[in-house]
1. Hey, among Asp37, Asp51, Asp63, which residue is closer than 18 Å to Val95 by Cα, of a type outside the set (A, V, I, L, M) and open to solvent by 80 Å² or more (accessible area, probe 1.4 Å)?
2. Consider only pairs whose beta carbons are under 6 Å apart and that are at least six residues apart or on different chains; among these, list those whose first residue lies in segment 142-164 and is part of a helix (DSSP H, G or I) and whose second residue is open to solvent by 90 Å² or more (accessible area, probe 1.4 Å).
3. Checking Ile33 against (1) touching a strand residue (DSSP E or B) at 6+ places or on another chain (Cβ under 8 Å); (2) more than 18 Å from Glu140 (Cα to Cα); (3) touching a residue at least 24 places away in the same chain (Cβ under 8 Å); (4) in a helix (DSSP H, G or I), only one condition comes out false. Which one?
4. Residues being farther than 29 Å from Lys166 by Cα and hydroxyl-bearing (Ser, Thr, Tyr): count how many of those fall in segment 27-61.
5. Which one is farthest from Gly21 (Cα to Cα) among residues in segment 127-159 that are surrounded by 14 or more Cβ atoms within 10 Å (Cβ to Cβ) and polar (S, T, N, Q)?
6. So how many residues does segment 70-87 have that are in a helix (DSSP H, G or I), of a type in the set (Val, Ile, Thr) and in contact (Cβ under 8 Å) with a residue 60 or more places away in the chain?
7. Which one of these is open to solvent by less than 90 Å² (accessible area, probe 1.4 Å), within 30 Å of Glu159 (Cα to Cα) and at pLDDT below 95: Phe103, Phe99, Phe72?
8. Could you please give the count of residues in segment 110-140 that are of a type in the set (Lys, Arg) and either free of Cβ contacts under 8 Å to residues at least 12 places away in the same chain or outside any helix (DSSP H, G or I) (or both)?
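The values are calculated or read from the model by the stated rules, or taken from the named source; none is laboratory data. Being a predicted model, the structure only gives us computed values, none of them experimental. All Cβ positions, glycine included, derive from the backbone under ideal geometry; neighbour counts span all protein chains shown. Calculation scope for accessible area: heavy atoms of the full protein, side chains included, ligands and nucleic acids excluded. Shrake-Rupley method; radii C 1.70, N 1.55, O 1.52, S 1.80 Å.
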Amino acid sequence: MYLIFVASLNENMKLANTLQGQLKELGKESQIINLVDLDLPMYDSFKEEHDGIPKKIGTLIEDMKNASAYVFVSPEYNFSLPPVLVNTVAWISRVGDDFREVFTLKTIQLATHSGGGGSDVSNAMRSQFSKLGSLVMPREIITTYQTPLREDSSKRILEQFVQVAK
């Protein structure tokens, strides 16, 4: 099972659905996890101390432990990561003795639909997930309003992702 994390709605969700269909054509089952729909409270240590870890994070971590690989589909916010993605990783990092467990040696494919060029968010995700111990694929799937998805290219990228993620 592959998990496809989507850090916004609209165009990034459309991209995630397309990638899910392409993975299915490659014989891989996947599940889309909409980080916006998780509706997690903004992380802070006071909230954690008084309210504990949101139950949704425990379920998410179990899904991540059982997944073979991840696809992260995220827009670019102010030349970096969107708050919903940063917040989700912050909550994940507060669980267990080794929060890197759900990232270590997991193969990750990056994708974005961005109003900008998309390279800044790709670089930010690459840096974060690499430092968490993941194996981030060298090519990203980047679309913009001016540059629509080239499905032949995304299929080739996903074929390589599936080969590495075995």
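1. Asp51
2. What qualifies is Ile157/Arg139.
3. Of everything listed in (1) touching a strand residue (DSSP E or B) at 6+ places or on another chain (Cβ under 8 Å); (2) more than 18 Å from Glu140 (Cα to Cα); (3) touching a residue at least 24 places away in the same chain (Cβ under 8 Å); (4) in a helix (DSSP H, G or I), Ile33 misses just condition (4).
4. Number satisfying all stated conditions: 2.
5. This residue is Gln128.
6. 1
7. Phe99
8. 2
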